[in-house]
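In what follows, a structure is listed as structure tokens, so that the remarks can point back to it.
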Amino acid sequence: MQNIKCILPAIITLLFISTASAQISPPGLGTTSTAFWSAVGIRQKLDAKNSFVTYLGLGRISDPEGDANPFKKQSILVFNQEFYHKMNTHWQYNYALSYRRQNQYESEAPYELETPAIQQEFRLYGRLAYATPIGSSAKWTTTYRQELRKFFTPDFDDVPGGFQLRSRFKTQVLFPLDTDKENSLMGSAEALFSISNDADAGWGDFAYKESRFCLYYCYSPDAIPVTFDIGYMNDLMGGHGHHIKDANYLALDIILESPF
């Protein structure tokens with residue numbers, strides 16, 4: 001209950017001050033104080049209703065405590081392929097395949113493992129989005145995303161709890177800052193729930209895991225087919241009370257618009 005009281009004001013605030021473009025939001029990077037996420041992608045329009053987004057992303061993190069350098073440690077490498085279909089003016093769905101290679105660290109000093117550990121993940125997900133205008137130029141989008149995640153060791157062996165189903169509920173709003181819509185602000189609030197399957201223990205409980213709040217500035221100049229996004233994300237991890245931890249992310253992505 002205490003956690004809900006903390007989350008609701010933030011969601012309400014975002015609904016009234018933020019926006020939603022097509023930025024490449026950061027993935028969760030685990031226990032850290034600060035993090036940096038960068039990505040380079042291509043958004044290709046295929047026809048009036050179909051498009052795809054391909055991107056390569058890199059994440060770096062600080063130590064969990066006592067260090068605020070978001071570039072200190074390598075965290076994650078992501079390759080993502082998404083396909084989008086616009087059903088009508090309001091509804092859109094997409095499906096995607098993702099590969100992620102993430103470094104593992106201890107939660108206590110000195111943090112480094114004696115043998116560097118890597119966790120690999122293959123992720124398949126689908127997303128359904130409903131968009132509606134707010135006033136003359138703003139747009140509000142609500143999204144449901146369902147993920148299937150499978151984790152492996154560096155040698156592609158299974159790991160405990162290596163299969164997971166995760167549900168994500170997101171609301172976001174886009175506010176253009178000029179009539180040409182070259183400059184805009186984007187804000188979002190997202191809640192994540194998951195359930196894992198262990199080979200020995202079986203399925204666990206479907207439970208709330210974390211919330212993510214983003215605020216982005218997006219620049220799409222008419223002169224060149226490129227979108228630049230710079231933003232901030234607060235990742236609020238944990239279920240309730242003193243178990244809650246948060247991490248602060250700086251994010252930057254560059255998207256080439258229909259280069260082919």
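The set of residues in the stretch 170-208 that are among the charged types (D, E, K, R) and crowded, with 16+ Cβ neighbours inside 10 Å comprises 170, 190. Of all residues in the stretch 56-71, those being among the small types (Gly, Ala, Ser) and surrounded by 13 or more Cβ atoms within 10 Å (Cβ to Cβ) number 3.
Identify the residue in the stretch 86-116 that is under 19 Å from residue 149 (Cα atoms) and of a type in the set (A, V, I, L, M) and, among all such residues, is surrounded by the fewest Cβ atoms within 10 Å (Cβ to Cβ). Restricting to residues being under 19 Å from residue 149 (Cα atoms) and of a type in the set (A, V, I, L, M), the top hit is 97. Taking the condition assigned to a strand (DSSP E or B) and exposed (fewer than 14 other Cβ atoms within 10 Å of the Cβ), does residue 160 pass? Criteria met by residue 160.
Where residues in the stretch 201-238 are part of a strand (DSSP E or B) and of a type in the set (Gly, Ala, Ser), which of them is farthest from residue 39 (Cα to Cα)? The qualifying residue farthest from residue 39 (Cα to Cα) is 202.
Taken over the stretch 29-50, the criterion of being at negative phi and crowded, with 19+ Cβ neighbours inside 10 Å is satisfied by 29, 32, 33, 34, 35, 36, 37, 39, 41, 43.
For residue 255, the requirement of being surrounded by 15 or more Cβ atoms within 10 Å (Cβ to Cβ) and out of contact with any Pro (no Cβ under 8 Å at 6 or more places or on another chain) is met.
Applying a threshold of 6 Å to beta carbon distances and a minimum spacing of six or more residues, or different chains, the list of pairs starting in the stretch 157-181 at a residue that is farther than 30 Å from residue 118 by Cα and ending at one that is among the aliphatic types (A, V, I, L, M) reads 171/189; 172/20; 173/20; 174/20; 174/186; 175/138; 175/185. From the list 18, 38, the lone residue that is under 17 Å from the mean Cα position of the chain (by Cα), at pLDDT 85 or above and of a type in the set (Ser, Thr, Tyr) is 38. Between 153, 142, the distinction of being over 20 Å from the mean Cα position of the chain (by Cα) and of a type in the set (Val, Ile, Thr) belongs to 153 only.
Considering each residue of the stretch 72-80 in turn, at least one proves to be exposed (fewer than 14 other Cβ atoms within 10 Å of the Cβ) and within 22 Å of residue 156 (Cβ to Cβ). The requirement of being surrounded by 15 or more Cβ atoms within 10 Å (Cβ to Cβ), farther than 30 Å from residue 71 by Cα and not charged (D, E, K, R) is fulfilled nowhere in the stretch 214-232; no residue meets it. The number of residues in the stretch 247-260 that are under 15 Å from the mean Cα position of the chain (by Cα) and more than 18 Å from residue 72 (Cβ to Cβ) comes to 1. Residues of the stretch 135-153 that are surrounded by 13 or more Cβ atoms within 10 Å (Cβ to Cβ) and not charged (D, E, K, R): 137, 138, 140, 141, 142, 143, 144, 146, 148, 151, 152, 153.
The values are calculated or read from the model by the stated rules, or taken from the named source; none is laboratory data. Keep in mind that this is a model prediction, so the values were computed, not measured. Don't worry about glycine lacking a Cβ; one is built from the backbone with ideal geometry, like all the others, and counts go over all protein chains shown.
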